[in-house]
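A.B. asks: Supplied in C-alpha cells, the structure appears directly below.
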Amino acid sequence: MKRRSFLSATGALVVSFRWPADAVAQGPLPGSLAKQPLIDGWVRIGTDGRVTVLTGKVELGQGIKTALLQLAAEELVIAPERVSLVTADTERTADEGYTAGSHSMQDSGTAIRHAAAQARTILIGLAATRLALPVAQLSVENGVVRGGGQSVRYEELLTAGQVLHVKAAPQASLRDPARHTVAGKPLPRIDIPAKLSGGAAYVQDIRLDGMVHGRVVRPPSPGASLTQVDAAAVERMPGVLKVVRDGRFLAVIAQREYQAVTAMRALEKAAQWSEQATLEDVEPVYDAVRRSPSQDFVIRNQGRAPAAAAGVGTRGVSATYRRPYMLHGSIGPSCAVAHLVDGKTTVWTHSQGVFPLRKALAEMLGVPEASVHCIHAEGSGCYGHNGADDVAADAALLARAWPGKPVRVQWMREDEHAWEPFGPPMIASARATLDATGGVASWNYEVWSSTHSSRPGGAGDLLAATHLAKPFAPTPPKPLPQPEGGGDRNAVPLYALPQVHVVHHFLPQMPLRVSALRSLGAYLNVFAIESFMDELARAAHIDPVVFRIGHMPDARAQEVMRLAADRFGWARFKRSPMRGRGFAFARYKNLAAYAAIACEVEVRRDSGELRVLRVVAAVDSGEVVNPDGIRNQMEGGIVQSLSWTTLEAVTFDSWRVTSLDWGAYPILRFPQVPEQLDVHIIDRPGQPFLGTGEAAQGPAAAAIANAVADATGVRIRDLPLSRSRLRAAVGP
C-alpha cells in the first residue's frame with residue numbers, strides 16, 4: 001500500500017526509532033521475523049489506542065487467534081480486549097507459507113511476541129523523553145506509561161510522521177513469565193461466540209452486495225472426459241446467468257443459491273461423458289501400495305546390535321501395520337467467494353496458505369500475482385489439504401466468466417468426498433529383537449507411503465486447472481525432508497536403542513489424488529511404533545509403561561509418561577472381561593510437543609462394538625500461552641483420532657470413489673465420544689513453544705489399539721478397528 005492510503009486505512013502514525021548497530025548484528029531474527037523483519041508488519045497501534053496484530057497464519061479451529069492476541073497483549077502490557085487480529089491476507093500480512101505442522105506458535109507466535117516486546121521498548125523510550133525521566137523509573141499499565149506522577153498513553157507518543165516502521169532486533173526484552181497476567185492464563189476463545197450463536201463465523205457465511213452463486217458439475221469419475229453438453233435448456237432456467245464450459249470444467253452461475261443447485265442437477269443430466277475404469281488395478285489397496293515403484297531412502301542407520309542379539313536368549317518379533325485412504329471429513333463442504341473488478345481478482349478462502357494459493361491462481365488465470373488478492377476466512381471444518389484451494393480455483397474461474405459481481409461457490413457433499421485430496425494409504429513393517437533382559441537389541445522399520453503434500457504449488461495442483469481444455473500438469477510429488485518429513489514423519493523412534501535402521505519407501509505415483517491430512521505420516525508411524533512397543537513389552541513380560549520409560553533417555557518424555565500413567569491410575573487398574581487398558585507416547589515430529597495417552601476400552605464380543613470409556617492425556621508443549629487452547633487441541637485430536645481409528649476408510653470401485661456421504665464414510669457421533677477425557681498440561685515458562693495441534697492423533701490411535709489387545713487378547717494391526725473387523729477377530 002502507498003504511505004498515504006496506509007495511514008488513512010489504519011489510523012496509525014509513525015514512530016522513528018533506530019536500534020544500535022551492534023544489536024542488529026547479534027544473530028538471526030526469531031520465528032517468522034526473518035520473513036517480515038519490520039515491527040509494524042506484526043504490531044500496529046492506532047490513534048484510538050487500539051492495537052492491531054497481523055499474522056500470516058490462519059485460524060483453523062485450533063484457537064490460534066486467541067493465543068497470538070494474548071502474546072501481543074502481554075508484551076505490550078495492554079488489555080486483550082483492546083487488541084484485534086488480522087490473519088493471512090496477501091496484501092496485509094507476512095507471507096508465512098502454510099498454517100501446518102503445529103508451527104503457528106513457534107513461527108508466528110515467536111515473531112509477534114518479539115515484535116510486541118520491541119514496540120513496548122520503543123514506546124517506553126519515547127515516554128522517557130516526553131516525561132524527562134529515566135526508563136528505569138517508568139512502568140506500563142494497559143497501554144499507559146507512568147512515572148514521577150506523570151503519565152502518557154501509547155497513542156499520545158505516536159507523534160506525526162512516526163510509526164513502528166523499523167527493523168526488529170534479534171533479541172527483545174521479554175517480560176518475565178513470573179509477571180505474566182495474560183499469557184499463560186485461560187482466556188475465552190475469540191472465535192467461539194459467533195460459531196456458538198450461529199453468527200457469521202465462516203467463509204460459508206460471507207454475503208456480499210450483488211453476490212451470485214456458482215456450482216460445478218464434476219466428471220462422474222476421475223478418468224471421464226466431457227464429450228457433449230446441451231446447455232441451452234439450462235440457460236433458460238429461472239435465475240440462471242451463465243453456463244461455463246472449458247474442457248471438462250463445467251459449471252453454472254445463477255442469481256440465487258438454490259437456483260444454482262437446481263441448474264447444476266439439470267446440467268449433470270445434459271452432459272455426456274466418456275469414462276474409463278482407471279482404478280481397476282487399485283484393489284486390494286495394500287497390494288497396490290506394495291506393487292507401486294518406490295524411491296527408497298534410509299533415514300536412520302545407526303549403531304550395531306550387541307553380539308548376543310544373534311545368539312541364544314534373544315527373541316525376534318515382527319509385525320505389519322496398515323492404514324487406508326482417508327478423508328478430511330470436513331463438516332462444512334468447502335466454499336470460496338471471488339470477485340473480479342478492474343482486472344483484479346479478490347478471493348475469500350479458507351486455504352491454509354493464501355500466498356501459495358495466490359501464486360497458483362495467478363498462473364491458472366494467466367495474470368500477474370499482483371492481480372490476485374487472497375484473504376483468509378475460516379472454514380467449517382479443515383485441518384490439512386482439503387477442498388479449500390480447489391474451490392477457490394472454481395470461484396476464480398467463475399468470477400472471470402462473470403466479472404463485476406462476487407461469485408460464491410459452495411461444494412456439495414459429494415464434491416468434498418469424491419474430489420478432495422485424500423490422506424494416502426500406508427504400510428509400516430517392524431522387526432526387532434529382545435535381549436535376555438527384555439531390552440530391545442535391534443530395531444528395523446520400513447514404511448511405504450506416497451506424498452503427503454500436493455498443496456499449491458502451481459496451477460496444476462488445483463483441481464479445476466487440471467480439467468481445463470488446456471490443462472495444467474500437477475507438480476511432480478516428492479518426499480518432504482527430514483527431520484519433519486511426510487510419510488516418514490515420526491518413523492524414527494525416539495527411544496534409545498542399540499541399533500536402528502529405518503527406510504522410507506516413497507511412492508511417486510498413486511491412482512487417487514492425495515495430500516496432507518492432519519499429522520501426515522505421523523498418525524500411522526506412531527500407531528505402528530507404539531503398537532509394536534506394546535507387543536515387545538508383552539513379549540518381554542514387562543509392564544508397557546515401565547518398558548517405554550526404560551528405553552527413553554529424554555527426561556521430559558519420561559515426565560509426560562509418568563504423569564499420564566499416574567493420573568489414569570495405571571498401576572491400580574482392575575481388569576474385567578472384555579475391558580482393557582492401553583498406553584502410548586510420542587513427541588510429534590520428534591521435535592514438537594510431547595504427549596502420552598492412557599485409555600480404557602470395552603469390546604462387546606457379540607457385536608464387535610468398541611467403547612472408549614476413559615482417556616487420560618498428558619502434554620508438554622513448552623511454555624503455555626492459553627491452557628484452555630492446549631486442552632482443546634488435545635481433546636479435539638483425541639476425538640478425531642478415535643474417529644479415524646475406529647471408523648474411517650475411503651471406498652471405491654474400478655471406476656470411482658463410492659464413499660460419497662456420511663453413510664458410506666461414517667465419522668464419530670456424539671454417543672461414541674469417550675465418557676471421560678482428562679488432559680493434564682506441563683507448563684514450562686520461558687521454554688520455546690513446541691506446538692500442540694497434531695500431538696495427540698498418533699498416540700491416541702496406538703493407545704486404543706493397545707487397549708483392545710489388552711481387553712480381547714487379539715492384536716489388530718489394520719486400521720480402522722471397525723465393528724466388523726473386531727467382530728470377526730473376537731466374536732464367538
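A.B. asks: Quick one: which of 195/359; 405/470; 195/589; 65/195 span more than 20 angstrom between C-alpha atoms? Can you show the working numbers first?
C.D. replies: Working: 195/359 31 Å; 405/470 26 Å; 195/589 31 Å; 65/195 14 Å.
Over 20 Å apart, Cα to Cα: 195/359; 405/470; 195/589.
A.B. asks: Oh, and also: In Å, the Kirkwood hydrodynamic radius of region 590-679 over pairs of distinct alpha carbons? Before the final figure, lay out each step's value.
C.D. replies: Details: mean 1/r = 0.0654 Å⁻¹.
Here the Kirkwood hydrodynamic radius works out to 15.3 Å.
A.B. asks: Give, in nm to one decimal, the length gained when the segment between residue 84 and residue 227 is fully stretched (0.36 nm per residue of separation minus the Cα-Cα distance). Display every interim value, and only then the final one.
C.D. replies: Values: separation 143, 0.36 × 143 = 51.48 nm, distance 5.18 nm.
Roughly 46.3 nm would be gained on extension.
A.B. asks: Read phi for every residue in region 660-677 and hand back ³J(HN,Hα) as whole Hz from Karplus 6.51 cos²θ - 1.76 cosθ + 1.60, θ = phi - 60°, with x for Gly and Pro.
C.D. replies: Values per residue, Gly and Pro as x: 9, 8, 6, x, 7, 10, x, 10, 4, 9, 4, x, 8, 5, x, 5, 9, 9 Hz.
A.B. asks: Using Cα positions and a limit of under 16 Å, work out the aspartates and glutamates in reach of residue 35, with same-chain residues fewer than 8 apart set aside.
C.D. replies: Within the straight-line cut-off, residue 35 pairs with 89, 91, 95, 96, 107.
A.B. asks: By how many nm would the segment from residue 144 to residue 341 lengthen if fully extended, with 0.36 nm per residue of separation less the alpha-carbon distance?
C.D. replies: Values: separation 197, 0.36 × 197 = 70.92 nm, distance 4.36 nm.
Length difference between fully extended and current span is 66.6 nm.
A.B. asks: Based only on Cα atoms, what mean projected area does the convex hull of region 579-732 have, in nm²? Spell out each step's value before the answer.
C.D. replies: Working: hull surface 41.1 nm².
Hull-based average projected area comes out at 10.3 nm².
A.B. asks: For residue 167, list the aspartates and glutamates whose Cα falls under 16 Å from its own Cα; do not include residues on the same chain fewer than 8 positions away.
C.D. replies: Residue 167 reaches 22, 40.
A.B. asks: Here are a few candidate values for percent of Cα pairs over 50 Å apart: [x] 27; [y] 41; [z] 19. Which one was actually calculated from the structure I just gave you?
C.D. replies: After the calculation, the listed value that fits is [z].
A.B. asks: Give the distance, in whole Å, between the Cα centre of region 568-605 and the Cα centre of region 186-230.
C.D. replies: 38 Å
A.B. asks: Another question about this same structure. Taking R0 as 51 Å, what's the FRET efficiency between residue 192 and residue 436 from their Cβ-Cβ distance, rounded to 0.05?
C.D. replies: After rounding, the FRET efficiency stands at 0.35.
A.B. asks: Fewest Cβ neighbours within 10 Å first, please rank 443, 570 accordingly. Mind dumping the intermediate values first?
C.D. replies: On the way: 443 25, 570 19.
The order, fewest Cβ neighbours first, is 570, 443.
A.B. asks: Please give the calculated 222 nm ellipticity per residue for the chain, where each DSSP H segment of at least 4 residues contributes -39500 (n - 2.57) and the sum is spread over every residue; nearest 500 deg cm²/dmol?
C.D. replies: Details: 18 runs with 199 residues, N = 732.
Taking each H run of at least 4 residues, the total per residue is -8000 deg cm²/dmol.
A.B. asks: On to the next question. Which of the lysines could be linked to residue 269 by a straight reach, that is with a Cα gap under 20 Å, when you skip same-chain ones fewer than 8 residues away?
C.D. replies: Filter leaves 242.
A.B. asks: Under 13 Å from the Cβ of residue 548, count the other residues' Cβ atoms, weight Lys and Arg +1, Asp and Glu -1, and hand me the total. It would help to have the intermediate numbers written out before the result.
C.D. replies: Values: positive: 538, 562, 587; negative: 530, 534, 535, 543, 554, 559.
Summing Lys and Arg as +1 and Asp and Glu as -1 gives -3.
A.B. asks: When a footprinting reagent is the concern and you count Cβ atoms within 10 Å, what order do 202, 325 take, fewest first? Write down the numbers at each step before the final one.
C.D. replies: Working: 202 17, 325 23.
Listing 202, 325 from fewest to most nearby Cβ atoms yields 202, 325.
A.B. asks: Could you list 417, 376, 680 in order of exposure, starting from the residue whose Cβ has the fewest other Cβ atoms within 10 Å? Spell out each step's value before the answer.
C.D. replies: Values: 417 25, 376 29, 680 18.
Least to most surrounded, the residues fall as 680, 417, 376.
Every number here is computed from the coordinates shown, using simple stated rules; none is lab data. Keep in mind that what you see is a predicted model, and the values were worked out from it rather than measured. Don't worry about glycine lacking a Cβ; one is built from the backbone with ideal geometry, like all the others, and counts go over all protein chains shown.
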